Amino acid sequence: MDLIDSESPGSNAHDFTVSELSGAVKRTLEGEFGRVRVRGEVGRVMVARTGHMYFDLKDDRAVIASVSWKGQVAKMAVRPEEGMEVIATGRLTTYGPQSKYQLQVESVEPAGAGALMAMLEARRKALAAEGLFDASRKHPIPFLPQVIGVITSPTGAVIRDILHRLADRFPRHVLVWPVAVQGERCPKDVARAIQRFNALQPGGRIPRPDVLIVARGGGSIEDLWGFNDEAVVRAAAASKIPLISAVGHETDTTLIDHAADLRAPTPTAAAELAVPVRADLQAQVANLGARLHRAGTSAVQLRGQRLSDLTRALPRPEALMATPTQQLDRASDRFAGSLRALASRKTLDLNRAAAGLRPGTLRSSINARHERLTNTSARATTAMRSQMQRRKDALNTYTRLHATLSWRETLKRGYAVLRDADNAPITSAEAARNAPQFTVELHDGTLPAAPLTTAKTTPPATPAKKHARSAPKAPDQGSLF
């Protein structure tokens, strides 16, 4: 078929714009296929900041670009991950700006349980390789917790079963953290609840739980998929509070079961594992008390029998006490006679003493003793005064003698004391000549003096002629200096 040249005369072909042609292709494609289900392997997955998800669906020969809007992503029970084989349901459409067609995905479901389990096993191995499932990091469950934290839906039958079971076994204080147990919100809610319980401080306004229970009823693998989320597993592994996993029924297994410190087959079983039975504890205490009583009674009886066996080898008490009893009887007999004799002697002595204490004799004796005491006191007073006067006279004599013989009284009679620079007395002429300077102490003061070696000798004065009527001159005593 020859191509029609639109510019040739007589051509009646319509001229499309690019947008018109793109729109025509879009309408044709959407009208032809409409709603489709596509099976394939998920390729790269990218979530935009707006919340829209872009991913590829591929097989061994072709690739289809796929997109899910934010509202559709929130409704997905299972989010597509790279390598997962899924069945995507949506509408085939085009994207004009890039001249390509794409699948607008409304829902995604695993392409059979085998594919989903294969992906779950791959994730389990990856987390196990990090050591999140090691038994060495698991915490022991407390025997009798005071506070129990339950992470589950507040409206389901699970929380009622747990509360009823706890009330039957051993009532405890329960804190419930409501979460979504299915759907897009489930992983975030459960991980945040575990982290917030661990963030509570002991002794705070809200008590910190001693054990946590993450619980959900049974369901399909898609319903329980939120508990296989990596964020939930990591939060459970990092919990400092012991955690019991009770997700699904006995045959259901999720990854949180491996990370938890203890797995319960059902939520009711989790309550049984969290607390003991109070009645059993009371019975056990009663049994132990009875055993203790029986053991004590048996021990006393055994020791009593042993004591009886040992006493058979000992002599009888009557035989041991016979001789001391006789000795005591003899001593008591002698004691009575000795006591009477002693009382008689003391009575006789008392009568003799009383005979000398007649009223007249006693008064005369007292007067005589008083007179002797008065005379003795007078003589003692006279002797003491005489002795004090003699001592006073002797003290006055010594005082006058000391005043007469003291060196200061000697200075008053014309003597002097020479002292060197250290105020020590000079007692020889040699010491006076050798002293660079000294002082002369008189009775009324001290004068400085120069050594004798530096003093000039004054020639003797010529005796004056005596006049008949001249006045008598005082004799010259000379100079000490």
Check: In the range 205-222, how many residues are among the basic types (Lys, Arg) and assigned to a loop (DSSP other than H, G, I, E, B)?
Finding: 2
Item checked: Selection within the range 255-280 - farther than 30 Å from residue 226 by Cα and touching a residue at least 40 places away in the same chain (Cβ under 8 Å) -> 276, 277, 278
Note to self: For the condition over 60 Å from the mean Cα position of the chain (by Cα), at pLDDT 80 or above and surrounded by 10 or more Cβ atoms within 10 Å (Cβ to Cβ), what is the one hit in 419, 408, 363, 358?
What the structure shows: 419
Margin query: Which pairs turn up if I take residues in the range 165-181 that are more than 25 Å from residue 232 (Cα to Cα) and look for partners that are of a type in the set (Asp, Glu) with beta carbon separation below 7 Å, at least 6 apart in sequence or on another chain?
Written below: 165/272; 169/272
Check: Being in a loop (DSSP other than H, G, I, E, B) and either over 39 Å from the mean Cα position of the chain (by Cα) or assigned by TED's automatic domain parsing to the domain that holds residue 108 (or both), is that true of even one residue in the range 155-163?
Finding: yes
Checklist line | Members of the range 97-124 that are loosely packed, with under 14 Cβ neighbours inside 10 Å and either farther than 20 Å from residue 227 by Cα or at pLDDT 90 or above (or both) | finding: 97, 98, 99, 100
Notebook entry, point to check: Of the conditions (1) in contact with a strand residue (DSSP E or B) (Cβ under 9 Å, 6 or more places away or on another chain); (2) among the hydrophobic types (A, V, I, L, M, F, W, C); (3) modelled with pLDDT under 85, residue 48 fails just one. Which one is it?
Noted result: (3)
Margin query: Being touching a Ser or Thr at 6+ places or on another chain (Cβ under 9 Å) and over 18 Å from residue 218 (Cβ atoms) is true for just one of 261, 257, 309, 280. Which residue is that?
Written below: 261
Notebook entry, point to check: Using beta carbons and a limit of 6 Å, which pairs, at least six apart or on different chains, have the first residue in the range 429-447 and free of Cβ contacts under 8 Å to residues at least 24 places away in the same chain and the second one exposed (fewer than 11 other Cβ atoms within 10 Å of the Cβ)?
Noted result: 433/453; 439/448
Check: Within the set of pairs 6 or more residues apart or between chains, which connect a residue that is at pLDDT 85 or above inside the range 203-224 to a residue that is exposed (fewer than 15 other Cβ atoms within 10 Å of the Cβ) and among the polar types (S, T, N, Q) with Cβ atoms less than 8 Å apart?
Finding: 207/146; 208/201; 210/146
Checklist line | Complete set of residues in the range 167-179 that are aliphatic (A, V, I, L, M) and under 17 Å from residue 197 (Cβ atoms) | finding: 174, 175, 176, 179
Notebook entry, point to check: Taking the range 185-240, which residues are within 16 Å of residue 133 (Cα to Cα) and surrounded by fewer than 20 Cβ atoms within 10 Å (Cβ to Cβ)?
Noted result: 230, 231, 234, 238, 239, 240
Next item on the list: Assess whether residue 246 counts as being surrounded by 13 or more Cβ atoms within 10 Å (Cβ to Cβ), in contact with a strand residue (DSSP E or B) (Cβ under 9 Å, 6 or more places away or on another chain), in a helix (DSSP H, G or I) and on the phi < 0 side of the Ramachandran plot.
Entry: no
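The values are calculated or read from the model by the stated rules, or taken from the named source; none is laboratory data. Since the structure is predicted, the reported quantities are computational estimates derived from the model, not experimental observations. Cβ: placed from backbone, ideal geometry, glycine included. Neighbour counts: every protein chain shown.
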